[in-house]
Amino acid sequence: MKTLLIENSTDIGSLAVADDGIILARRQFLKAGDLAGRIQEILAVFGVPHEIVVGTGPGSYTGLRVAAAMALGLETALERVAFGCPSVFGYPQECYHVVGDARLGTVFFASIAKRQLVRGPELLPAEEFRALQPGLGDAPLFANGPVRGFQDLQIVRPEAEHLVRCRAAFTRTLEPLYLKEPHINMRSPQ
């Protein structure tokens with residue numbers, strides 16, 4: 001079964017095509033506008049997939065919405081089923097932790113063991129995460145991008161190709177995983 005995988009929760013997006021779990025192709029893109037072109041390239045070479053999987057975050061609000069909209073459009077146009085999968089499954093390891101900057105002094109945090117979520121993704125105050133770090137054990141800790149106040153973290157972005165191994169986490173909803181309401185700055189009255 002051929003699967004098209006899309007991951008766009010960070011500043012560097014990725015696509016992959018897998019056939020029965022074997023990765024046939026990988027592509028990266030830097031801007032949401034590049035996503036459609038990369039998908040066209042993949043479809044031209046590998047044909048129409050049987051299913052589409054999109055990373056649902058947590059991560060960039062805009063990136064997640066663009067990827068979800070693309071997956072919905074492909075689902076309709078190609079008459080194929082689309083699934084959502086948390087982006088924290090976009091790593092090759094079986095056991096690890098992921099942290100990301102959620103702004104305003106907060107981070108998101110998740111722990112994965114044997115490719116299963118065992119904690120989170122949850123929103124934490126940055127200081128609570130700092131206190132949590134020493135007890136995380138031997139599993140690697142990845143930041144999905146720069147995290148304010150934690151410059152020593154290893155930055156490893158999730159990649160689409162790894163989502164295919166986490167079928168148990170697939171859902172029929174493509175709604176992005178938001179851990180808090182969007183922050184909007186309102187103009188002050190003149």
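The values are calculated or read from the model by the stated rules, or taken from the named source; none is laboratory data. The model shown is predicted, which means the values in this text are computed figures rather than measured ones. Positions of Cβ are generated from backbone atoms using ideal geometry, with glycine treated the same way; all protein chains shown enter the neighbour counts.
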*asked:* Suppose we filter 94, 79 for residues that are out of contact with any Pro (no Cβ under 9 Å at 6 or more places or on another chain) and within 28 Å of residue 126 (Cα to Cα); which single one remains?
replied: 94
*In this structure, is residue 100 within 13 Å of the chain's Cα centre (by Cα) and among the small types (Gly, Ala, Ser)?*
yes
*Residue among 56, 62, 76 that alone is under 19 Å from residue 161 (Cβ atoms) and either of a type in the set (A, V, I, L, M, F, W, C) or out of contact with any Lys or Arg (no Cβ under 9 Å at 6 or more places or on another chain) (or both)*: 56
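Based on what the data block shows, is residue 107 over 16 Å from residue 59 (Cα atoms) and at pLDDT 95 or above?
Judged against the criteria, residue 107 is not a match.
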*State which residue is modelled with the highest pLDDT when the search covers only the range 165-190 and only residues that are part of a loop (DSSP other than H, G, I, E, B) and among the aliphatic types (A, V, I, L, M).*
174
*Subset of the range 64-73 [closer than 14 Å to residue 31 by Cα and touching a strand residue (DSSP E or B) at 6+ places or on another chain (Cβ under 6 Å)]*: 67
*Taking the range 37-63 as the region of interest, how many residues are farther than 19 Å from residue 25 by Cβ, of a type outside the set (Ser, Thr, Tyr) and at pLDDT 95 or above?*
2
*Restricted to the range 27-61, and to residues that are surrounded by 15 or more Cβ atoms within 10 Å (Cβ to Cβ) and basic (Lys, Arg), which residue is nearest to residue 144 (Cα to Cα)?*
27
*Mind listing whichever residues of the range 69-105 are in contact (Cβ under 8 Å) with a residue 40 or more places away in the chain, among the polar types (S, T, N, Q) and more than 17 Å from residue 141 (Cα to Cα)?*
none
*Residue in the range 129-145 that is within 21 Å of the chain's Cα centre (by Cα), free of Cβ contacts under 8 Å to residues at least 24 places away in the same chain and surrounded by 14 or more Cβ atoms within 10 Å (Cβ to Cβ) present*: no
*How many residues are within 18 Å of residue 85 (Cβ to Cβ) and either over 14 Å from the mean Cα position of the chain (by Cα) or among the β-branched types (Val, Ile, Thr) (or both) when one looks only at the range 103-116?*
6
